[in-house]
Amino acid sequence: MFPKGTKRKFSDSGDEPAVGGEDMNQPSSVAVRMLSSYSLQRQALLDMSLIKLQLCHMLVEPNLCRSVLIANTVRQIQEEMTQDGTWQIMTQALSAANAAAQCSAERLVATEVLCRQTEAAQGEQVPKPFPAVGSEGCPAEEEEEVVVEEEEEGEGGVTMSTVSSQAPTTYLPGTFGMDPCWEEETEEDEDSEECGSGSEEGDSDRLVEDSRTAEQVFGTFEIKNPAPSPDPALEELFSDVDASYYDLDTVLTGIQSVPKMGPYDLLESLSSHGPSPLSSSTSCRSDLNELDHIMEIIVGS
Amino acid sequence: MLNPIQVLSSDITSLSLEPEPFASYTEADIISTVEFNHTGELLATGDKGGRVVIFQREPECKTEPYSQGEYNVYSTFQSHEPEFDYLKSLEIEEKINKIRWLPQQNAAHFLLSTNDKTIKLWKVSERDKRPEGYNLKDEEGRIKDLSTVTSLQVPVLKPMDLMVEVSPRRVFANAHTYHVNSISVNSDHETYMSADDLRINLWHLGITDRSFNIVDIKPVNMEDLTEVITAAEFHPHHCNLLVYSSSKGTLRLCDMREAALCDKHSKLFEEPEDPSNRSFFSEIISSVSDVKFSHSGRYLLTRDYLTAKVWDLNMENKPLEIYQVHDYLRSKLCSLYENDCIFDKFECAWNGSDSVIMTGAYNNFFRMFDRNTKRDVTLEASRESSKPRAVLKPRRVCQGGKRRKDDISVDSLDFTKKILHTAWHPTENIIAIAATNNLYIFQDKLNQEMHG
């Protein structure tokens with residue numbers, strides 16, 4: 001979508017006034033990195049929450065209170081991302097990924113990382129900013145560096161709820177099992193669309209940063225005022241997808257009902273731990289059919 | 001008021017038969033509820049395996065001063081069994097969620113125990129005499145040959161070894177679609193309520209086939225569900241008042257005189273959100289895990305993930321007092337969300353005079369706050385520190401900066417050792433702490449000395 005090396009103007013998104021990319025970098029590069037770190041962490045939290053919602057179909061009825069709280073968290077993130085414009089970008093990319101050719105399996109490797117169970121909360125918290133959705137997970141842009149917060153200084157334990165003010169420059173491909181060739185992949189034409197949307201997100205972040213103070217970014221994980229407004233374009237995008245399994249209702253009570261659009265459609269894209277279901281809609285369908293079948297057994301209807 | 005705490009009974013691992021230090025436990029042994037009865041003479045615990053163990057306090061004995069006041073096992077019985085819901089193809093856990101004692105009205109004791117779906121009323125009675133001298137039966141119970149009976153005798157009651165009999169008197173079933181989290185006996189001693197995630201039902205203790213729904217927060221569309229009921233309790237004196245807490249951190253006081261369905265609250269207790277502390281986890285940590293009326297009925301004690309709050313029933317807009325239980329976890333919320341610890345439901349308790357509140361934390365720590373002196377203490381319930389008669393040493397969690405000897409750093413806390421269930425004797429300074437499969441009973445050292 002965008003040729004390599006060109007500074008992208010933000011005027012395409014139409015939300016924010018166009019600002020030249022060059023001016024932003026110098027004075028506020030740290031803030032920019034904080035911002036992208038914030039959105040990466042937010043994305044990781046979203047992915048974690050969706051997986052938690054999905055994994056609660058066990059033999060015993062899931063804890064309703066826990067499910068409701070996780071679902072509310074997902075909703076909050078979604079609302080903020082909708083405000084950001086990030087949501088639309090991500091869902092557009094999702095649909096593009098659905099329709100387009102394969103996504104490499106490496107992009108989804110982060111799901112393994114996300115699903116890792118930690119026995120003790122302390123000591124091993126390494127934030128996993130790489131989401132399972134390939135399009136969104138383009139942190140390794142050419143001029144940006146990934147911010148990875150690591151456990152530091154004794155009681156420090158920087159997690160997602162605080163963003164450290166230290167200079168962030170560590171990029172750890174090994175930690176996340178990502179190929180170093182990730183960067184090359186983003187330059188390929190066939191993948192550039194997805195990466196482009198990621199870059200768009202980077203751009204939008206850069207400009208949205210105008211409206212946020214550095215303090216907000218450095219402070220605790222902030223939520224902006226939610227402005228719930230269902231996006232008709234969004235619903236249209238997913239109208240052909242059977243999301244009934246991932247209904248909130250289903251998730252909460254194990255009972256199927258009318259499919260509804262919304263943040264829970266993302267569950268579909270994160271549903272497998274292995275090779276991507278996004279690679280072809282047919283495998284996607286068979287997965288969903290299988291899950292539907294399982295759901296029917298569970299519901300017994 | 002926060003005098004040194006001493007171990008009263010050595011840790012009672014009645015549910016684990018192996019000797020220390022090799023005692024291992026199964027998941028079924030994990031204690032899931034603890035409750036003193038109204039006199040404090042009896043202490044009931046429920047576990048994940050559906051069993052109830054009742055301890056009784058030994059009466060004071062002048063000749064053996066060190067054995068007085070200890071709690072020993074009085075009775076053990078299987079209250080609930082695992083069940084299978086064929087409609088939903090889901091298991092119903094036998095874990096005892098709550099036990100509540102009824103006020104004693106005769107020689108027998110009654111308690112209510114509940115799992116996720118069914119509440120049962122149990123009668124606990126003693127038998128220490130048995131009739132002897134039947135005319136038609138002999139001592140072993142066999143029917144006598146009538147030709148050998150030459151005279152009539154009146155059976156007499158002879159003393160026997162004490163036997164504690166437990167029998168189920170009522171089973172209150174099929175009234176809850178969702179998981180029961182609370183039961184509360186009303187001050188009228190005739191009714192009680194049971195609360196699940198979305199509904200609260202009112203029962204009469206004598207009637208099992210009918211209950212009245214008094215609170216229903218289930219939305220028409222389950223997709224619109226954003227809030228659940230987390231705990232509920234009746235007022236200790238006013239039989240028309242009840243309070244229930246929600247996952248959004250609100251408390252609702254309802255008056256049953258107002259309407260048959262108490263969906264509209266009489267009072268709503270909610271603390272305004274602190275915008276500077278807002279995060280994606282704000283709602284989760286504001287979810288109230290337990291609510292308890294004070295003995296006076298004037299105050300409410302609530303527990304959310306990081307704090308314990310005391311509310312005045314007359315002031316709805318903010319709590320009277322806020323106590324930080326483990327604020328050092330505030331920067332760890334993401335990790336705690338990942339490993340699900342953020343959803344742990346801690347209970348809280350008042351002491352008999354409503355001057356001290358207590359709640360549990362991680363690493364087998366529990367905290368007590370004196371409302372008058374504003375002093376607080378952190379103690380640990382562990383085998384090492386709980387030899388009989390030992391005095392508990394206050395613990396401290398350090399967050400960096402000056403670190404004293406014996407301080408524990410936040411990163412070395414064991415999050416698998418959580419004290420969710422605690423209980424305080426209704427009148428004396430005796431506390432019961434459930435740490436996984438172990439029950440610890442501690443008492444005020446001064447208390448012991450006075451009786452010694």
ask   = What chymotrypsin sites (Phe, Trp or Tyr not before Pro) in segment B:112-184 are in a loop by DSSP, with at most 15 other Cβ atoms within 10 Å of the Cβ?
value = B:TYR134
key: B:HIS265, B:HIS237, B:HIS109, B:HIS326 arranged by Cβ crowding within 10 Å, fewest neighbours leading   = B:HIS237, B:HIS265, B:HIS326, B:HIS109
query = Is it possible to state the helix-based mean residue ellipticity at 222 nm for chain B, with each DSSP H run of 4+ residues giving -39500 (n - 2.57), the sum divided by total residues, to the nearest 500 deg cm²/dmol? What is it?
reply = -1000 deg cm²/dmol
key: chain B - convex hull of the alpha-carbon atoms, volume per residue in Å³   = 199 Å³
note = Least to most buried among B:VAL180, B:VAL149, B:VAL154, by other C-beta atoms within 10 Å and fewest first, runs B:VAL154, B:VAL149, B:VAL180
Rg over Rh [alpha-carbon atoms, Kirkwood Rh] for segment B:362-452 = 0.98
B:ILE217-B:THR39 pseudo-label distance in nm [points 7 Å out on the Cα-to-Cβ vector] = 3.8 nm
inquiry  = From the alpha carbon gyration tensor of segment B:100-203, can you work out the equivalent ellipsoid semi-axes (sqrt of 5 times each eigenvalue) and give them in Å, largest to smallest?
reply    = 44, 15, 10
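Which length gain, in nm to one decimal place, applies between B:LEU162 and B:LEU87 when the Cα-Cα distance is subtracted from 0.36 nm times their residue separation?
Stretched fully, the B:LEU162-B:LEU87 segment lengthens by 22.5 nm.
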inquiry  = Which trypsin sites (Lys or Arg not before Pro) in segment B:301-391 sit in a loop by DSSP (not H, G, I, E or B) and have at most 14 other Cβ atoms within 10 Å of their own Cβ?
reply    = B:LYS374, B:ARG375, B:ARG389
task = Take the alpha-carbon centre of segment B:297-314, take the same for segment A:59-100, and report the distance between them in whole Å.
result = 34 Å
remark   = Compactness summary of segment B:131-172: radius of gyration and Dmax from Cα atoms, Å, are 15.6, 50
message = Can you sort B:ASP209, B:ASP304 from fewest to most other Cβ atoms within 10 Å of each residue's own Cβ?
response = B:ASP209, B:ASP304
inquiry  = Placing +1 on the Cβ of each Lys and Arg and -1 on the Cβ of each Asp and Glu in segment B:98-256, which of B:HIS176, B:ASN221, B:GLY133 has its Cα farthest towards the positive end of the resulting dipole?
reply    = B:GLY133
inquiry  = Give me the dipole magnitude in Debye, nearest 20, for segment B:313-452 about the Cα centre, with unit charges on the beta carbon: positive for Lys and Arg, negative for Asp and Glu.
reply    = 560 debye
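Beyond 21 Å between alpha-carbons counts as too far, so tell me which of B:LYS98/B:LYS123; B:LYS48/B:LYS418; B:LYS95/B:LYS417; B:LYS248/B:LYS345 fall in that bin. Write out the running numbers ahead of the final one.
Details: B:LYS98/B:LYS123 16 Å; B:LYS48/B:LYS418 15 Å; B:LYS95/B:LYS417 19 Å; B:LYS248/B:LYS345 14 Å.
From the list (B:LYS98/B:LYS123; B:LYS48/B:LYS418; B:LYS95/B:LYS417; B:LYS248/B:LYS345), the Cα-Cα distance tops 21 Å for no pair.
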remark   = Among B:SER194, B:HIS238, B:GLY206, the residue whose Cα sits farthest towards the positive end of the charge dipole of segment B:148-239, when +1 is placed on the Cβ of each Lys and Arg and -1 on the Cβ of each Asp and Glu, is B:GLY206
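Any read-out appearing in this document is the output of simple, stated calculations on the displayed coordinates, not a laboratory observation. Bear in mind the structure is a predicted one, so any value in this text is a computation, not a measurement. Here the Cβ is made from the backbone with ideal geometry for all residues, glycine too, and neighbour counts use every protein chain on show.
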